[in-house]
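Inspection log for the structure reproduced underneath, given as structure tokens.
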Amino acid sequence: MITLNINGKPRQIDLSTDTPLLWVLRDHLGLTGTKFGCGISLCGACTVHLDGEPTRACVTPISTAVGKKIVTIEAINQDATGQRVQEAWLALRVPQCGYCQSGQIMAATALLKQNPKPTDTDIDTAMSGNICRCGTYCRIRAAIKQVAGLTEVRP
Amino acid sequence: MKKPLDCPELNADTWNSGDSLHIVNISRRTFLKDLALTGFVLAAGFPALIRADETAMPSEKEKYGADAMPHGWVDNPLVFVAIAGDGTVTIICHRSEMGQGIRTSLPMVVADELEANWLHVRVEQAPGDERRYGNQDTDGSRSMRHFFMPMRRVGAAARTMLESAAAAQWQVPIEEVHAEQHQILHPATGRTLGYGELAEAAAKLPVPARESLRLKNPADFRYIGKGSLRIYDGQDIVTGLAQYGIDTRLEDMLYAVVARPPVFGGKVLSYDARDALKVPGVVKVIELPSSPPPADFNPLGGIAVIARNTWAAIQGRKALKIEWDKGPHGNYDSVAYKAELEAAARKPGKVVRNDGDIDAALQGAVKRVAAEYYAPHLAQAPMEPPAATARIVNGVCEIWTCTQAPQVSRERVAKWLKLPEDKVTVHVTLLGGGFGRKSKPDYVIEAALLSQAMNGRPVKLTWTREDDLHHSYFHTVSVERLEAGLDTQGKPVAWLHRTVAPTISSTFAPDSKHQMPTELGMGVINVPFAIANLRIENPEAEAHTRIGWFRSVSNIPHAFAIQSFVAELAAASGRDPKDFLLDLIGSPRHIDPRTLGDTWNQGESPEIYPVDTGRLRRVIEAVSREANWGRVLPNGRGLGLAAHYSFVTYVAVVVEVTVDEHGKLSIPRIDIAVDCGPQVNPERIRSQLEGACIMGVSLATLGEISFKEGAVIQDNFHTYQLTRMDDAPREIRIHLLSTTEFDIPLGGVGEPGLPPIAPALCNAIFAATGQRIRQLPIRDQLRKD
Ligand code: FES
Ligand code: FES
């Protein structure tokens, strides 16, 4: 039995400690906002925050999450930046199918918390681990810039 | 006509007639069930439903559009609208939401005609039940095209019932009252009644006759044409609460993954489950039978591992020892197959269109140009892989799944479980992308079979990404060979196009080797060029895997080849590609698609939807203007143009590229001009087109599924790469050709943006570097190290 701190609450987990955090969240705790897209750290759909760091839950054994603050999409609105990111996502109508957007919002929030005025290159670096098959990248960039108070420059 | 295939139980009966496959719907009669709306006042007490197939569908003449789809359309307000006593308006969405925004856009149409205040509207998703709702196959860029008018009538009829109820209560003529934002007003006396107050009385009134309905004047639309609403599911999406197929959770549910035969047509020879059963959490290992041809939507068979969570099921699957029989396609090899297609394309094949005298014209040409283009298999790879949850209680099966085909899922599950169809309910969740993959319910049937094997216990089946890439219904692979003869002015006088690609019909009739009318009608046979001597041939191609629909289907290879070749011809005649393309299209005119040999015409009436070269010209002119076509760019930068007509929508694209000294490609900007007729929700039209641009770049630069020894080589997103943010076009400018008219026919939106992207990109690369790309994907063809 191990204890994980998830969205501010202690959760008792009785599973082998090599189980990836993703499946504990989704299958055991019902926190299905964190998505499965590839299972091997290639798509970012499963991004959560571990002590504020964007982390791929699909390759994070729960043993390495012990003692860390785990935040998922379900609680990102408790963070002021997270909430502004969500609002920008709604205002610019970023999502299409929406499936990748939990991960995108988690990645964007982590970026903006560490770097409130990211350049285009910063955005590329922070966001290119997150695939969106629907192709919402231009709006994701615009929404990040909106939160950062930067306006899109058109050539 | 040969005899029907052995699938009499199926709704879409499929058979081979000569060379072309026809899929014909045979609807069956069952009793209607009142579902989903209990507790809502307006829906109560009216079991007599109007059904399109009984009252409105022309039975004698040819059917087109929604009329020609299985179960047609329904416009009964009692089916789609319920109003509660507190005024909450519930609107049913019967089409699947997969990112195109249909759960916003279709209910919005109803709400507008109903004069409902969107703040008091909730949307409920219909289960699979086409007899009740009309056609639900969410594909072919059809949802708005086919249901805009029925949904307007739904809203108008419900509004009329509320107006009648208010007029009766006030004892005034109905002409004196009108609806406005959730209220009926009587201006003469200043009285008002809310929708909630009127719902019960309105529900007792007859549904007004279709012909009597007063539809809104488009000038009075509040939502239609505005693009002002937020995405209905947006709040749930950004908070992680949105429910996709993969998110279903039921009490006592088990989790499953399946090891399927690596080669299509293969089966399990033997297996050893001992180690798998030792994995903590694994509950059971079950063999699923393979299905004999045709592939249809049947499960592939294999070994299923059932566990207490998805991870344990995946670990259990890894521990299985399985010996496979590869079956007849064990030698499928993409390198060898490409050579086969090329050989076929270099010899004459079945003639599918023949205008003038191509041989004489080629002989007499001053210059002859020929080129071959290759476009590989693709996997749809929706971000949410296929997933379905099933449970069976007392002979009633319930399914929760992300499907583009809820009715077909229901029929197939009923057949496989040997249950009457009314004992199967398919709940449609949100889809984390579809792109055609989720039109094929093989995974839904698998879930049902696994629940059955577990005595009805809820089982959630998840496909991993590897499963998705290995066992898709793949986009076809093709070689397109084009040859043209030019006269002294460099004007094409002869056009020979051979298109060779395994056909989707092979999935239903394995011996099919020619493209169907629906595939040829995707830009190849109906090419609208003003060339007197033109021949289209379709040599044979044998399928060795399941071929299926991928967003925009055969338009992808056809547009790639044709629009690349046009630019090659322009270069050969030393002309500007845009002027050359416009000359090739010729004067603005309406062409009856049947005169082009296109008997399909996207399922639409040739009278209502002729090929309109004026509209095609207009999008080309618009995009050229907006992209500032002809501007001088430094070395290594270039503009490329392509235009394509598909899904009865006209699209033209200009891509701008930079290719640096190492051959690294970047795309600063794409301009795309679109004429899709009336724009019901321009905001979601724009988002679809943005997505099409990025998917087009992705498939052109990176997309390839290839086979070796019968099995797919690509495993996951490291080998099947998709465009990421750093390589995506930096800016996408959408230019919707403006129209304020709403009584002209609608075009499709979800798919037609995609086909012209790859050729426009390759034409831009040619402009920037002089290098011509004839094989997709581009990958490292530009590299200079
Ligand atoms: S599911 Fe974790 S990165 Fe794709
Ligand atoms: S919105 Fe569909 S995958 Fe990103």
Subset of segment B:83-121, residues outside any helix (DSSP H, G or I) and within 16 Å of ligand 2 (Cβ to nearest atom), comes to B:Ser96, B:Glu97, B:Met98, B:Gly99, B:Gln100, B:Gly101
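Just need a number here: residues in segment A:60-75 that are more than 16 Å from ligand 2 (Cβ to nearest atom) and within 8 Å of chain B (Cβ to nearest Cβ).
Number satisfying all stated conditions: 2.
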Given the conditions (1) more than 17 Å from B:Leu520 (Cβ to Cβ); (2) touching a residue at least 12 places away in the same chain (Cβ under 8 Å); (3) out of contact with any strand residue (DSSP E or B) (no Cβ under 6 Å at 6 or more places or on another chain), and given that B:Arg594 satisfies all but one, which numbered condition is not satisfied?
-> (1)
Criterion violated by A:Val147 - all others in (1) within 13 Å of ligand 2 (Cβ to nearest atom); (2) in contact (Cβ under 8 Å) with a residue 24 or more places away in the chain; (3) more than 13 Å from the chain's Cα centre (by Cα) satisfied | (1)
Any idea which residue in segment B:284-318 is nearest to B:Gln452 (Cα to Cα), counting only those that are within 14 Å of another protein chain (Cβ to nearest Cβ) and surrounded by fewer than 18 Cβ atoms within 10 Å (Cβ to Cβ)?
-> B:Arg308
Tell me which of these A:Thr109 doesn't satisfy, since it passes every other one: (1) buried (at least 24 other Cβ atoms within 10 Å of the Cβ); (2) more than 16 Å from ligand 1 (Cβ to nearest atom); (3) more than 13 Å from the chain's Cα centre (by Cα).
-> (3)
Which of the residues spanning segment A:29-38 are closer than 18 Å to A:Ile6 by Cβ and either facing chain B (nearest Cβ under 10 Å) or near ligand 1 (Cβ under 6 Å from one of its atoms) (or both)?
-> A:Gly30, A:Leu31, A:Thr32, A:Gly33, A:Thr34, A:Lys35, A:Phe36
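Residue-wise test of (1) more than 7 Å from chain B (Cβ to nearest Cβ); (2) within 16 Å of ligand 1 (Cβ to nearest atom); (3) surrounded by fewer than 21 Cβ atoms within 10 Å (Cβ to Cβ).
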residue: A:Asn115; (1), (2), (3): yes, no, yes
residue: A:Thr121; (1), (2), (3): yes, no, yes
residue: A:Asn130; (1), (2), (3): yes, yes, no
residue: A:Ile144; (1), (2), (3): yes, no, no
Where residues in segment A:39-57 are near ligand 1 (Cβ under 6 Å from one of its atoms) and hydrophobic (A, V, I, L, M, F, W, C), which of them is farthest from the chain's Cα centre (by Cα)?
-> A:Leu42
Determine whether B:Arg437 is touching a Gly at 6+ places or on another chain (Cβ under 9 Å), within 14 Å of another protein chain (Cβ to nearest Cβ), surrounded by 24 or more Cβ atoms within 10 Å (Cβ to Cβ) and not hydrophobic (A, V, I, L, M, F, W, C).
-> yes
Residues in segment B:474-492 that are surrounded by fewer than 22 Cβ atoms within 10 Å (Cβ to Cβ) and either aliphatic (A, V, I, L, M) or outside the structural domain of B:Ala371 (by TED's automatic domain parsing) (or both): how many?
-> 1
Across segment A:77-106, which residue is farthest from the other protein chains (Cβ to nearest Cβ) among those that are part of a loop (DSSP other than H, G, I, E, B), away from ligand 1 (no atom under 16 Å from the Cβ) and more than 16 Å from B:Met725 (Cβ to Cβ)?
-> A:Asp79
For segment A:65-74, indicate whether the set of residues that are within 20 Å of A:Ser128 (Cβ to Cβ), away from ligand 1 (no atom under 13 Å from the Cβ), open to solvent by less than 10 Å² (accessible area, probe 1.4 Å) and at pLDDT 95 or above is non-empty.
-> yes
The one condition in (1) of a type in the set (Ser, Thr, Tyr); (2) within 14 Å of another protein chain (Cβ to nearest Cβ); (3) open to solvent by 10 Å² or more (accessible area, probe 1.4 Å) that B:Tyr374 fails to fulfil | (2)
Condition broken by B:Ala343, with the remaining ones in (1) open to solvent by 50 Å² or more (accessible area, probe 1.4 Å); (2) without any contact (Cβ under 8 Å) to a residue 40 or more places away in the chain; (3) among the hydrophobic types (A, V, I, L, M, F, W, C) satisfied | (1)
Of the residues B:Ser270, B:Ser228, which is part of a strand (DSSP E or B) and surrounded by fewer than 17 Cβ atoms within 10 Å (Cβ to Cβ)?
-> B:Ser270
Test A:Ile131 against the stated conditions and say whether it is of a type outside the set (Lys, Arg) and within 13 Å of ligand 2 (Cβ to nearest atom).
-> yes
Scanning segment B:421-433 for residues that are within 14 Å of another protein chain (Cβ to nearest Cβ) and under 21 Å from B:Tyr133 (Cα atoms), the one farthest from ligand 2 (Cβ to nearest atom) turns out to be B:Val428
Please list, ordered by first then second residue, the pairs with beta carbon atoms under 8 Å, 6 or more apart or interchain, first in segment B:721-750 and within 13 Å of B:Pro682 (Cβ to Cβ) and in the same structural domain as B:Glu690 (by TED's automatic domain parsing), second among the polar types (S, T, N, Q) and modelled with pLDDT of 95 or more.
-> B:Leu736/B:Gln679; B:Thr739/B:Gln679; B:Val749/B:Gln100; B:Val749/B:Ser141; B:Val749/B:Thr649; B:Val749/B:Gln688
Do we find a residue being crowded, with 22+ Cβ neighbours inside 10 Å, in the same structural domain as B:Tyr373 (by TED's automatic domain parsing) and under 21 Å from the mean Cα position of the chain (by Cα) anywhere in segment B:575-597?
-> no
Being in a strand (DSSP E or B) and open to solvent by less than 10 Å² (accessible area, probe 1.4 Å) is the filter; apply it to segment B:668-697 and report the residue that is farthest from B:Leu633 (Cα to Cα).
-> B:Val674
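The values are calculated or read from the model by the stated rules, or taken from the named source; none is laboratory data. All figures in this text were calculated on a predicted structure; none of them were measured in a lab. Because the Cβ atoms are built from the backbone with ideal geometry, glycine has one as well, and the counts that use them run over all protein chains shown. The area values use the complete protein model at the heavy-atom level, side chains included, leaving out ligands, DNA and RNA. Shrake-Rupley method; radii C 1.70, N 1.55, O 1.52, S 1.80 Å.
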